[in-house]
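J.: Handing you this structure, nothing more for now.
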Amino acid sequence: MTMEAGGRFIVTMSGAARLVSDDEPLYVISVAAEMAGMHPQTLRQYDRLGLVTPRRTPGGGRRYSLREVEMLREVQRLSQEDGVNLVGIKRILELEAEVHALRQQLDLITGAADEPADYLPVPAFTSALAVYRSRYVARD
């Protein structure tokens, strides 16, 4: 089994090992806080501010993924080491997410260029081109 988004083996409560995605929500707030070296109340505040928003259980409990724990560490680093305020950190995270999405679109487009013309995903290309033009091409 391969994991495109990354993955790790974990040991379940039954003692069995299984491969999980870095995006799978596994950790309750106390565990995620300990892994990130923060107080659970800090994680709640970051959730309220929209910095790192974990998924919720049907009962409303927060569940953090490994990727979200890494984001918490990055928020802490930006704040403590680089002196960036929380509004700035939120903008940095938004821009990183946008860059990631654009890279995925670019990978789709460049991958399609290697395919025969009959298989070119024109709607995906048109969509990506429209996004690019709306953001980066000056309007008259």
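The values are calculated or read from the model by the stated rules, or taken from the named source; none is laboratory data. Computed from a predicted structure; not experimentally measured. Here the Cβ is made from the backbone with ideal geometry for all residues, glycine too, and neighbour counts use every protein chain on show.
J.: Residue 12 - would you say it is within 25 Å of residue 60 (Cα to Cα), modelled with pLDDT under 80 and in the same structural domain as residue 69 (by TED's automatic domain parsing)? Talk me through it step by step, then tell me what you get.
T.: Numbers: within 25 Å of residue 60 (Cα to Cα): yes; modelled with pLDDT under 80: yes; in the same structural domain as residue 69 (by TED's automatic domain parsing): yes.
Yes; evaluated as a whole, the condition is true for this residue.
J.: Let me confirm something: among 104, 80, 41, which residue is free of Cβ contacts under 8 Å to residues at least 40 places away in the same chain, exposed (fewer than 14 other Cβ atoms within 10 Å of the Cβ) and either in contact with a Gly (Cβ under 8 Å, 6 or more places away or on another chain) or closer than 30 Å to residue 133 by Cα (or both)?
T.: Numbers: 80 fails: either in contact with a Gly (Cβ under 8 Å, 6 or more places away or on another chain) or closer than 30 Å to residue 133 by Cα (or both); 41 fails: either in contact with a Gly (Cβ under 8 Å, 6 or more places away or on another chain) or closer than 30 Å to residue 133 by Cα (or both).
Just a single option satisfies the conditions, and that option is 104.
J.: Also, I was wondering about something else. Taking the options 52, 31, 69, 75, name whichever one is assigned by TED's automatic domain parsing to the domain that holds residue 8, surrounded by fewer than 16 Cβ atoms within 10 Å (Cβ to Cβ) and either closer than 23 Å to residue 7 by Cα or in contact (Cβ under 8 Å) with a residue 12 or more places away in the chain (or both).
T.: None of the other options fit; the residue is 31.
J.: Also, quick follow-up: How many of the residues making up segment 30-50 are within 12 Å of residue 75 (Cβ to Cβ) and either assigned to a helix (DSSP H, G or I) or among the charged types (D, E, K, R) (or both)?
T.: Matching residues across segment 30-50 total 7.
J.: Out of the residues in segment 78-110 meeting the condition of being assigned to a helix (DSSP H, G or I) and of a type in the set (Asp, Glu), tell me which one is farthest from residue 52 (Cα to Cα).
T.: 107
J.: Any residue in segment 117-135 that is modelled with pLDDT under 95, closer than 30 Å to residue 9 by Cβ and surrounded by 12 or more Cβ atoms within 10 Å (Cβ to Cβ)?
T.: There is no residue in segment 117-135 that is modelled with pLDDT under 95, closer than 30 Å to residue 9 by Cβ and surrounded by 12 or more Cβ atoms within 10 Å (Cβ to Cβ).
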